[in-house]
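Contents: one structure, followed by commentary.
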Amino acid sequence: MKGNIYEFPLEEIIADAKGDSMCVFDNPQDLTAFLRDLKEADPGLSVVVSGLFEIVDECFVKAGLKHHTANFSLGVWGDTGKLPDNDVLGITTMCGHGMIPPNLIRAMVKEVRERRRTAEEAAKLLASNCSCGVFNPARTAKLLTVMANN
């Protein structure tokens, strides 16, 4: 896996794609269009789609597909008092490898609150830490805006 568009040009990532590749969509319409294209291309690959069940299932139906397996989170076990607050976790958990530092998120919230950086700029900076490329900067910008206004 190459990384994300904040580390490498998109063309380089696509050219280097092998076996497992990941992408993130920030709206259901783009996901549905992608699923339709993938169905039409019929590459013979297993595809995993992660997201809110209601939205993902709706995209599947619109693309003429249905899922055959579902995974559910069993929650967090152990001493949850050591975890950052839920707002911060909502961002750190977007990276599949946990590469988004909670203190950097807090610093970005402060910069957005003080208008030294836009939420979109802060989200892009956070995204550059995600080596797996599944971080969603559009959603992050929205979350940072909410956090900065609280």
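The values are calculated or read from the model by the stated rules, or taken from the named source; none is laboratory data. Please read these numbers as outputs of a predicted model, since none were measured by experiment. So basically every Cβ, Gly included, is an ideal-geometry build from the backbone, and we count neighbours across all protein chains shown.
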Single residue of LEU126, LEU45, LEU35 found to be in the same structural domain as MET22 (by TED's automatic domain parsing), touching a helix residue (DSSP H, G or I) at 6+ places or on another chain (Cβ under 8 Å) and closer than 25 Å to SER21 by Cβ: LEU35
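Per-residue answers, yes or no, for (1) at pLDDT 90 or above; (2) aliphatic (A, V, I, L, M); (3) assigned by TED's automatic domain parsing to the domain that holds CYS130:
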residue: GLY3; (1), (2), (3): no, no, no
residue: ALA17; (1), (2), (3): no, yes, no
residue: LEU31; (1), (2), (3): yes, yes, no
residue: VAL56; (1), (2), (3): yes, yes, no
residue: HIS68; (1), (2), (3): no, no, no
residue: ASP87; (1), (2), (3): yes, no, yes
residue: THR92; (1), (2), (3): yes, no, yes
Tally time: how many residues in segment 106-148 are within 13 Å of MET94 (Cα to Cα) and modelled with pLDDT of 95 or more? 5
When you check GLY81 against the structure, is it over 27 Å from ASN27 (Cβ atoms), over 15 Å from the mean Cα position of the chain (by Cα), loosely packed, with under 12 Cβ neighbours inside 10 Å and modelled with pLDDT under 90, yes or no? no
Cβ pairs under 8 Å, 6+ apart or interchain, first in segment 40-59 and under 26 Å from ARG139 (Cα atoms) and without any contact (Cβ under 8 Å) to a residue 24 or more places away in the chain, second assigned to a loop (DSSP other than H, G, I, E, B) and of a type in the set (Gly, Ala, Ser), ordered by first then second residue, are PHE53/ALA70
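Within segment 57-99, track down each residue that is β-branched (Val, Ile, Thr) and in a helix (DSSP H, G or I). First the steps, then the outcome.
Of segment 57-99, the ones β-branched (Val, Ile, Thr) are 61, 69, 76, 80, 88, 91-93.
If the condition is that a residue be β-branched (Val, Ile, Thr) and in a helix (DSSP H, G or I), then VAL61, THR80, VAL88, ILE91, THR92 are the ones that fit.
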